[in-house]
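Asks: Submitted below is the structure of interest, expressed as C-alpha cells.
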Amino acid sequence: MAPPEDDTKVTEEAMAAEEEKKPISTIVFVIAMQSEALPLVNRFQLTEDPDSVFPKGFPWVRYHGIYKDLHINIIWPGKDPVWGVDSVGTVSASLVTYASIQALKPDLIVNAGTCGGFKAKGACIGDVFLASEVAFHDRRIPIPVFDQYGIGARQTFSTPNLLQKLILKTGKLSTGDSLDMSPQDEASIIANDATVKDMEGAAVAYAADLFTVPAIFVKAVTDLVDGDKPTTEEFLENLAAVTATLDQSVMNIIDFISGKCLSEL
C-alpha cells in the first residue's frame, strides 16, 4: 500500500490538473499606478466597487465588470493616505495581492505595468514583455540559504501559446523598491540575468504562490536603465505613450484568454 502522504500528493496533483482544464472565469489585475489602471478601466468599461471587498479605511480600489465571458477585476492600491501619491512598491503590491486572492478567488493574476529595460539585453522603449521569471534585487542577505531566500527567484506561469500568438517579448524581471539603481542593485540585477526591472512583480509572485494561484507579468518599457537619459526624466517623458501600448497589449492578452483554460495558454 502507498503511504497516506503519497495518496494525498496524487490527489492534489489530480485536482491541480483538473483546475487547469476549467475555463478561466475570474481574473485579477494588480496595477500599481492610477495612470496605468484607468485606461484599462475605461477599455473594459469597469465600474468602481461602491462596497469595497477590502477592510474599511484601506485605500485599495477595485474596478470590476464582465468582458466577454470573463469577470475582470482591476485592483489599484490607491493613494497613500499620508503622502497622497500612488502606493507603489513591494509592500503594497504583496498586501493587495494577498487580500484580492482571499476576497475574489481568481483563476489567474495579471500584474500589468510599466518597467525599466536594459538595452544591453535587447529592450527598447515601448517593448512589451511577458516575464519568464521574477526575482528581487535589493534583498541582500549574505548568509547561506538566506541569500537565495532574499533573491526569491520564481518561474512565472508558462504561457507558450499566448507568447507565440501575440509575438510578445520575454525575459527575466527583477524587482526592487527604488526607481533608480544603486551599484549594489545593478550587480544583483546582472546576477539575476534580468532584461527588465520594476517595483512590484516579485512581490505579487510571492503572494500568488502562497495560494498556488497562477500569475503572469506584463511589463511595458518606459525607460532604458543603461541608456543615456536620467531614469526619472525618461520615465515621465514616455509614461503616457507606453501606457497606451500596455493598454493595447493587455486587451490582446485578454481577448486571447477568453474562452480558454489555463492549460491552453
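The values are calculated or read from the model by the stated rules, or taken from the named source; none is laboratory data. Since the model is a prediction, treat every value here as computed from it, not as a measurement. With ideal geometry, Cβ positions are generated from the backbone for all residues, glycine too; neighbour counts draw on all protein chains shown. What goes into the accessible areas is simple: the full protein's heavy atoms, side chains included, and nothing from ligands, DNA or RNA. Shrake-Rupley method; radii C 1.70, N 1.55, O 1.52, S 1.80 Å.
Asks: Roughly speaking, what is the centre-to-centre gap between the range 69-129 and the range 233-265 when only Cα atoms are used, to the nearest Å?
Replies: If you average the Cα positions of each part, the centres end up 12 Å apart.
Asks: Order 58-67, 114-123 from most to least packed using the mean count of other Cβ atoms within 10 Å. Don't jump to the answer; show the numbers that get you there.
Replies: Working: 58-67: 17.1, 114-123: 21.0.
Descending packing order for the listed peptides: 114-123, 58-67.
Asks: Using a probe of 1.4 angstrom, how much of the accessible area of the chain is carbon and sulfur, in percent? Don't jump to the answer; show the numbers that get you there.
Replies: On the way: 7390 of 13040 Å².
Within the chain, the accessible surface is 57 percent carbon and sulfur.
Asks: How large is ³J(HN,Hα), in whole Hz, for each residue of the range 212-217 in order, when computed from phi with the Karplus curve 6.51 cos²θ - 1.76 cosθ + 1.60 and θ = phi - 60°, using x for Gly and Pro?
Replies: Calculated HN-Hα couplings, in order: 6, 9, x, 9, 10, 10 Hz.
Asks: Quick check on my link table: of K22/K79; K22/K165; K79/K169; K21/K165; K68/K172; K21/K79, which ones sit more than 28 Å apart, alpha carbon to alpha carbon?
Replies: Pairs exceeding 28 Å: K22/K79; K79/K169; K68/K172; K21/K79.
Asks: Once phi is turned into ³J(HN,Hα) by the Karplus curve 6.51 cos²θ - 1.76 cosθ + 1.60 with θ = phi - 60°, what whole-Hz value does each residue of the range 196-202 show in order, with x for glycine and proline?
Replies: Result, ordered by residue: 9, 9, 9, 10, 9, x, 5 Hz.
Asks: Multiply the residue separation of V85 and Q34 by 0.36 nm, subtract the distance between their alpha-carbon atoms, and state the gained length in nm to one decimal. Walk me through the intermediate numbers first.
Replies: Values: separation 51, 0.36 × 51 = 18.36 nm, distance 0.96 nm.
Using 0.36 nm per residue and subtracting the Cα-Cα distance, I get 17.4 nm.
Asks: In addition: Tell me the Kirkwood radius of the chain: reciprocal of the mean inverse pair distance over distinct alpha-carbon atoms, in Å. The partial results should precede the final answer.
Replies: On the way: mean 1/r = 0.0526 Å⁻¹.
Taking the inverse mean of 1/r over all distinct Cα pairs, the chain comes out at 19.0 Å.
Asks: Now a separate question. Working out 0.36 nm times the residue gap between S52 and A187, then minus their Cα-Cα distance, what length gain in nm do you get to one decimal? Each step should come with its number before you reach the end.
Replies: Working: separation 135, 0.36 × 135 = 48.60 nm, distance 4.16 nm.
Fully extending the segment from S52 to A187 adds 44.4 nm.
Asks: Let me ask something else. In the chain, what % of DSSP beta bridges are antiparallel (nearest 5)? Could you put the intermediate results ahead of the total?
Replies: Details: 18 of 47 bridges.
Antiparallel: roughly 40 percent of the beta bridges in the chain.
Asks: Would you please put 23-30, 156-163 in order of how densely packed they are, using the mean number of other Cβ atoms within 10 angstrom per residue and starting with the highest?
Replies: Details: 23-30: 21.2, 156-163: 16.4.
The most tightly packed comes first, giving 23-30, 156-163.
Asks: Here's something else I'd like to know. Could you work out how far apart the two model spin labels at D209 and I167 are, taking each label as a point 7 Å from the Cα in the direction of the beta carbon, and quote it in nm?
Replies: Label-label distance for D209 and I167, simple model: 3.4 nm.
Asks: Once a ≥ b ≥ c are taken as the square roots of the eigenvalues of the Cα gyration tensor of the range 84-236, is the result rounded (a/c under 1.5), prolate (a/b larger than b/c) or oblate (a/b not larger than b/c)? Spell out each step's value before the answer.
Replies: Details: a/c = 1.42, a/b = 1.17, b/c = 1.22.
Rounded, because the longest to shortest axis ratio a/c is under 1.5.
Asks: Find the accessible area per residue for the chain; the probe is 1.4 Å, ligands and nucleic acids are left out, and the unit is Å². Don't skip to the answer; put the middle values down first.
Replies: Details: 13040 Å² over 265 residues.
Computed with neighbouring chains in place, this is 49 Å² per residue.
Asks: Return the FRET efficiency for the residue pair A244, C124: r is the Cβ-Cβ distance, R0 is 22 Å, and the value is rounded to the nearest 0.05.
Replies: 0.85
Asks: For the ranges 40-48, 243-251, what's the packing order if you count other beta-carbon atoms within 10 Å of each residue, average per peptide, and put the highest first? Show your work: numbers first, answer last.
Replies: On the way: 40-48: 15.8, 243-251: 18.3.
Packing order, densest peptide first, comes out as 243-251, 40-48.
Asks: So, in nm, how far is label T26 from label M251 when the simple model puts each one 7 Å beyond its Cα toward the Cβ?
Replies: Simple spin-label model gives 2.7 nm for this pair.
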